[in-house]
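Worksheet: one structure, shown below.
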Amino acid sequence: MGRKALREIDASGQPYSNRGQVQAGMITGIIGSVFLILGILYLIFVVFIFGMAVGIAGHLWGSRDLILAGIFIAGVSSVIPWLVWG
């Protein structure tokens, strides 16, 4: 959207006073998108580590159910990026 607005401003030939605001909006949109992607990747990492911790705890306590739950949680969290961006 920001690029389209900048192209329209440039093509019109008239002096616009909001070009700086359009550029600022485009830059903050890019920064926000980067933070969103990093946040999603961090959340997936945390869920994966939680799954590994549950699996290790199940192994240490001798609980087969916890081991399977840990494998399931870690497996699902490692597949999510492939499903979303695959």
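Here are a few things to note about the model shown:
- Remark: the Gln14-Leu36 segment gains 4.3 nm on full extension, using 0.36 nm per residue and subtracting the alpha carbon distance.
- Mean Cβ neighbour count within 10 Å, used as a protection proxy, ranking 5-14, 75-84, 47-56 highest first: 47-56, 75-84, 5-14
- Length gained on full extension, Leu60 to Val76: 3.6 nm, using 0.36 nm per residue less the C-alpha separation.
- Across the chain, C-alpha contacts under 8 Å between residues 6 or more apart give a mean separation that, scaled by the residue count, equals a relative contact order of 22 percent.
- Crossing angle, helix 2-12 versus the chain [Cα axis fit, 0-90 degrees, rounded to tens]: 10
- The calculated 222 nm mean residue ellipticity attributable to helices in the chain amounts to -31500 deg cm²/dmol, summing -39500 (n - 2.57) over DSSP H runs of n ≥ 4 and dividing by all residues.
- Taking Cα extents along the principal axes in Å as calculated from this structure, the corresponding entry among (1) 74, 20, 9; (2) 66, 38, 27; (3) 38, 27, 21 is (1).
- Charge sum, other residues only, whose C-beta stays under 14 Å from Gln23's C-beta, Lys/Arg counted +1 and Asp/Glu -1: +2
- Here the Karplus curve 6.51 cos²θ - 1.76 cosθ + 1.60, taken at θ = phi - 60°, turns the phi angles of the stretch 37-48 into couplings of 5, 4, x, 5, 5, 5, 4, 4, 4, 5, 5, 4 Hz, with x standing for Gly and Pro.
- Rounded to the nearest 10 degrees, the inclination of helix 64-85 to the longest alpha-carbon principal axis of the chain is 20 degrees.
- Sorted by Cβ neighbour density within 10 Å, fewest at the top, the residues Ile67, Ile37: Ile37, Ile67
- Charge dipole (Cα centre; +1 on Lys/Arg Cβ, -1 on Asp/Glu Cβ; no other charges) of the chain amounts to roughly 180 debye.
Each reported figure results from applying straightforward, stated rules to the coordinates on display, with no laboratory input. Not measured: the values here are computed from a predicted model. Positions of Cβ are backbone-derived with ideal geometry, glycine not excepted, and every protein chain shown enters the neighbour counts.
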